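As C-alpha cells, the structure follows; a few thoughts come after it.
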Amino acid sequence: MKKIKFPTAQTILLIIAALTAILTWVFPSGKFDSLTYNKANNHFVRTSLEDSEILLANQETLNSLEIKIPLEKFTNGDIWKPISIPNTYKKVEASPQGVINFIKSPIKGIIEASDIIFLVLFIGGLIGIMNYTGAFDAGISWLALSLKGKEYILIILVTTIIAIGGTTFGLAEETIAFYPILIPIFLAAKYDAMVALACIYLGSAIGTMCSTVNPFSAIIASDASGINWTTGITGRLVMWGLGLIICIIYILRYAIRVKKDPTKSVIYSQKDEIESLFKNNINTVGKMTIQLKIILLVFALCFIVMVYGVSLEGWWFEEMIAVFFVGAILIGIIGRINEFKFVEIFVKGAGDLLGVALIIGIARGVSVLMDDGQISDTMLYYASNATIDMNKGVFINAMLFIYGGLSFFIPSSSGMAVLTMPIMSPLADGIGIGRELIVNAYQYGMGLFYFINPTGLILASLAIVKVGYDKWLRFVMPLVIILTLVTMVVLTISVYL
C-alpha cells in the first residue's frame, strides 16, 4: 500500500480557507463601530453601519465613547488605524462567502500581501547573485573551520540575536532572508536543517512573543489600551529571558542528539535531498579573496542597513526591498557579472522563492475571507463576553487562550491590537488587575500560537527548507507545551502581585 503523504503547505492553506468560508455561513455577521483620527483635518471620524460622523478630536469625545486612551496617542501618530468602539457591536446582514469568494480569496490575498511577496522575490534574486559569485561557499567553509568543536556557539548566538530583533522591532518577515544563508552553515557544523530552522524561527517567535519595545505589538497595544508602553515591561523582559533560555536548551538538546546520531533527526529521510539543495561545495575550503570579502561585507551591510532603517527610521517594505535590490546591483558590479548574466541569475533566484511568495499570499487570503464575511468582530464580541465574572487567575489565562485562538484568524499583531484592545482592556478594570496584563496576555497568546500558526509565517519558512508541516509539529509541540505551562504560571503569579 502506497504511503499517504502529508499535504503541501499550499493545500493546507486552501483547506483552512475553505473551512473559514464555511464558518461565514455558521457564525452571525456583526460589526463594532470604529473611530479613525484624521490628521489632515484634526478630527475623528466615527463609522457605523448606517453612516459616518465627524467628531471633535478632544479627550471629551474619547471619554464619551468609553475609549480610555489619551488624545495624544492619536495626534502623535501612535494609533493610525481605525479602532473598535466598546459596547457598539451590532449584528449585520449575513455575508457568507461562497465558492466564488473562496476561489478569489488567494488572489485577493496575494494582492494584499504584495509588499512582503516582493521582499521575498528580491531576496531570492540577491541570494542567486551571491551564490553565483562563490562568496557564500568561501565564507561558509571558513566559518565552519573556525567553529570546529564549538558549533554550539552558533546556536546560542543566532537564536539570541534574532530574539533581540524580535523583542525590539518585531523581526519576523525579515527572517525569510536568513534561511538560505544560515542553513549551509549549520549543515557544515554537522547539524540538520531543522536546527537552523529552529534557531531562526524560534528566535523570532520568542522575541515577538515577549516584545518589549516593539512598536508593532507592545507599543501599539499599550497605546490602544490607554496605558504607557513601559508599564508591564519588566514582566515581559522576565518572560523573554525565561522563554529564550528554554528555547536555546531545547534546540541544543536536539542538536547534540542529531550530531551524535544523524538518524535521530526528524527529517533524516530528507537528509540527502536537503543537503543537495544547500550544501554546495561545503567540504571544499574556498579561497577567501579580497573580492569575496568585499562582496560578503556588502551583503552583511544590506541587513545592517535594513535593521537600522526599520528600527530607527520607520522604514517598511518599500525601503527594505530597495536595500536588497541596491545590494544585488553592487555585488554584481564587484563580482564583474555582465548585465545579461546578472538579469538571468537575479530572475532565476527570485523564481526559486516564488513558491514561498505564493504561500504568503494564500495565507493572507484566509484573513480576506474573515473580513469579507464580517465574522471577525463577532468572534471578538463573544470572546469578550465569555470572560465576565471570572476570578483573576482564570480570567488572565482565558485571555491567553482567547488571543491564541483569535490569532489564527487575525495573524497581524498591529491589526489584533487596534481591533481588540479598546474592547478587551477595559475588562481588566472590572476584574481588578492592570491593563498591562491584557497587553501581556495578547502578546503571549499570539506568540505561543505563532510557533505553529499555519496562517502565519511558518509554512513559508518550511517551504524554503523543504520540510513538511507535520515534521515541524512533531519537532516543536513539546516546546510549545512547555512554554504554555510556563506562561500560564507567570501570568497567574502576575495578577496576584
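The values are calculated or read from the model by the stated rules, or taken from the named source; none is laboratory data. Since we're looking at a predicted model, the values are computed, not measured. Cβ sites come from the backbone with ideal geometry, for glycine too, and all protein chains shown count toward neighbours.
Of the residues making up segment 253-265, one or more are modelled with pLDDT of 90 or more and in a loop (DSSP other than H, G, I, E, B).
Of the residues contained in segment 161-173, one or more are found to be aromatic (Phe, Trp, Tyr), more than 30 Å from ARG336 (Cα to Cα) and under 21 Å from the mean Cα position of the chain (by Cα).
Of the residues ILE111, ILE129, which is surrounded by 22 or more Cβ atoms within 10 Å (Cβ to Cβ), closer than 22 Å to ALA460 by Cα and not aromatic (Phe, Trp, Tyr)?
ILE129
Return the residue satisfying two criteria in turn: it lies in segment 335-353 and is in contact with a Gly (Cβ under 8 Å, 6 or more places away or on another chain) and modelled with pLDDT of 80 or more, and of such residues it is nearest to PRO7 (Cα to Cα).
Residue satisfying both the conditions and the ranking: GLY351.
Residue check: CYS247 meets all listed conditions (1) at positive phi; (2) of a type outside the set (Val, Ile, Thr); (3) at pLDDT 95 or above but one, namely (1).
For the residues LEU55, LEU71, LEU49, LEU35, the requirement of being surrounded by 12 or more Cβ atoms within 10 Å (Cβ to Cβ) and in contact with a Pro (Cβ under 9 Å, 6 or more places away or on another chain) singles out LEU35.
Residues of segment 338-357 that are hydrophobic (A, V, I, L, M, F, W, C) and either buried (at least 20 other Cβ atoms within 10 Å of the Cβ) or closer than 25 Å to MET424 by Cβ (or both): PHE342, ILE345, PHE346, ALA350, LEU353, VAL356, ALA357. Quick check: anything in segment 358-374 part of a helix (DSSP H, G or I), among the basic types (Lys, Arg) and surrounded by fewer than 21 Cβ atoms within 10 Å (Cβ to Cβ)? No, because not a single residue in segment 358-374 is part of a helix (DSSP H, G or I), among the basic types (Lys, Arg) and surrounded by fewer than 21 Cβ atoms within 10 Å (Cβ to Cβ). Restricting the first residue to segment 61-81 and requiring it to be in contact (Cβ under 8 Å) with a residue 60 or more places away in the chain and within 17 Å of SER217 (Cβ to Cβ), which pairs with a second residue that is of a type in the set (Val, Ile, Thr) and outside any helix (DSSP H, G or I) meet a Cβ separation below 7 Å and a spacing of at least six or different chains? Cβ pairs passing all conditions: LYS73/ILE79. On inspection, THR167 passes the criterion of being buried (at least 24 other Cβ atoms within 10 Å of the Cβ), polar (S, T, N, Q) and under 30 Å from LEU297 (Cβ atoms). Select from segment 364-399 the residues that are touching a residue at least 60 places away in the same chain (Cβ under 8 Å), of a type in the set (Ser, Thr, Tyr) and under 21 Å from LYS91 (Cβ atoms) and list them in ascending order. Across segment 364-399, the qualifying residues are THR378, TYR381. Consider ALA196 carefully, then state whether it is modelled with pLDDT of 90 or more and out of contact with any strand residue (DSSP E or B) (no Cβ under 9 Å at 6 or more places or on another chain). The answer is yes for ALA196. The one condition from (1) more than 25 Å from MET421 (Cα to Cα); (2) β-branched (Val, Ile, Thr); (3) surrounded by fewer than 13 Cβ atoms within 10 Å (Cβ to Cβ) that VAL120 does not meet is (3).
When ILE162, ILE116, ILE110, ILE155 are checked against the criterion of being at pLDDT 80 or above and either in contact with a strand residue (DSSP E or B) (Cβ under 9 Å, 6 or more places away or on another chain) or closer than 30 Å to ALA21 by Cα (or both), ILE110 stands alone in meeting it. Selection of segment 188-230 for residues being among the hydroxyl-bearing types (Ser, Thr, Tyr), out of contact with any Lys or Arg (no Cβ under 6 Å at 6 or more places or on another chain) and surrounded by fewer than 24 Cβ atoms within 10 Å (Cβ to Cβ) yields only THR230.
Checked against (1) over 25 Å from the mean Cα position of the chain (by Cα); (2) over 30 Å from GLU313 (Cβ atoms); (3) in a helix (DSSP H, G or I), ILE248 passes all but condition (1). Per this entry, THR234 is not counted among residues that are at pLDDT below 95, closer than 17 Å to THR159 by Cβ and either of a type in the set (A, V, I, L, M, F, W, C) or part of a helix (DSSP H, G or I) (or both).
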